[in-house]
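The values are calculated or read from the model by the stated rules, or taken from the named source; none is laboratory data. Here the structure is a predicted model, which means the values were calculated and not measured. To get the accessible areas, we keep the full protein, side chains included, count just its heavy atoms, and leave off ligands, DNA and RNA. Shrake-Rupley method; radii C 1.70, N 1.55, O 1.52, S 1.80 Å.
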Amino acid sequence: MISTPAHAPPEYRNTEEESRQADSHANHLQGRVRVISGASSGIGAATARALAARGARVVLAARNADKLNTLVTEIRDAGGTATTRVTDVTRRDDVEGLMDFAATEYGPVEHLVNNAGLMLFSKWSDRAVDDWDNMLDTNLRGYVHAISAVLPGMIARQSGHILNLSSVAGIRVGDASGVYSATKFFIRGITHGIQVSMISPGVIDTGWADKVSNAEGKQIAHDLSEGAIHQDRVADAVVYALDQPIEVTVNDIVIHPPPGLVTHPQARSDPTLPHGGRPPDAHQHTETEHLS
C-alpha cells in the first residue's frame, strides 16, 4: 500500500481500514489455477461453474469423460476457462499426472478442491465389504494422493490452498453410515498444514442414493435425500473459503438447513418459500457439514 502524508487532503488518505475494506471486495480467484476432483457432477460440477464464473482457471478431474467434456463446453461457452483430464483418484500415478497436466496447461496449481468421494450406505450386519473397500480407496487414498501431488509445489512457492470436502457424517454417525463416517472422520483429521479449509455439508442432492447397492442402505439414502441441500449452496461455500486474501484462512464450514426449514427438492425452486427453500447466506456460516 502506498501511504500519503498526514497533511494530505482527506480524500487522498489511505487508511488501514480503507485498505481492508478494499481488499474485502477484491476478487482473489481471478486467473488462479484450481484443480477440482470429482468434478463431473454434484458438488464438484457446481464448484467448477462457480469458480470459473469468478475468473478462475479450472482443471476438472473425474472418471466420466463424457460428463467432464460437457461441463467444460458449458463453462467455455459462458466465457470461462476450463480444461479436463480423466482421472481415477485411487491411482497415485493418475493423480500425479493430473497435477502435471494442470501445470503444463495453466501453470502451478494454486488451489486444490479435494472433492471426489463415494457415499455407499449399509449396516455393519450387511457385510458390504466391496462397498466399504471402494469408499476407503476413494475417500482416503484419493484425498491423500491429491494432497501429496500438490504439496511439493506449494511448499516450494510458500503458497497454496487445499480445500477438503468432508461431511456432517464426519461429525456424527448415522444408522447405516459407519464406514462412510469413518472416512470423513479421517478427512477431518488430515485437514491442517499449508492453508487448508474443510467444508462439511449435510446431505446433498447429487443422485448419490441411486448408487447405493445395498437394499436397506438405498432406502435410508433416499429418505435422507428428501431433505437434501442443493449443491450450489456448497459451491457458494467453496467460493467463500477460497476467495480470501493471503492472510486469511477459513478452516471449517458446516452447512445444514436450519430446523424447520423446508428443503425437499421441490421446495428449492418454490418462489413462495423464503429463499426458495434454501438456507439464507449458507456460505457465511463459520463451520461446515457434507454427506458425499
Item to check | Alpha-carbon gyration tensor eigenvalues x 5, square-rooted, for segment 80-175, Å | outcome: 30, 15, 12
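With the full set of protein chains in place, find how many percent of the accessible area of segment 69-159 is carbon and sulfur; take the probe as 1.4 Å.
Values: 2150 of 4530 Å².
It is 48 percent, rounded to a whole number.
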Checklist entry - Rounded to the nearest whole Å³, what is the per residue volume of the convex hull around the Cα atoms of segment 145-190? => result 68 Å³
Checklist entry - Once amide H atoms are placed 1.01 Å from N in the peptide plane, what residues at a sequence separation of 5 or more from Ala56, or on another chain, have their amide H within under 5 Å of its amide H? => result Gly31
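Expressed in nm to one decimal, what extension gain is obtained for the pair Arg141 and Asn64 from 0.36 nm per residue of sequence separation less their Cα-Cα distance? Let's see the in-between values first.
Numbers: separation 77, 0.36 × 77 = 27.72 nm, distance 1.91 nm.
Additional length available on full extension: 25.8 nm.
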Checklist entry - Can you give me the Cα centroid spacing of segment 74-92 and segment 240-254 in angstrom? => result 23 Å
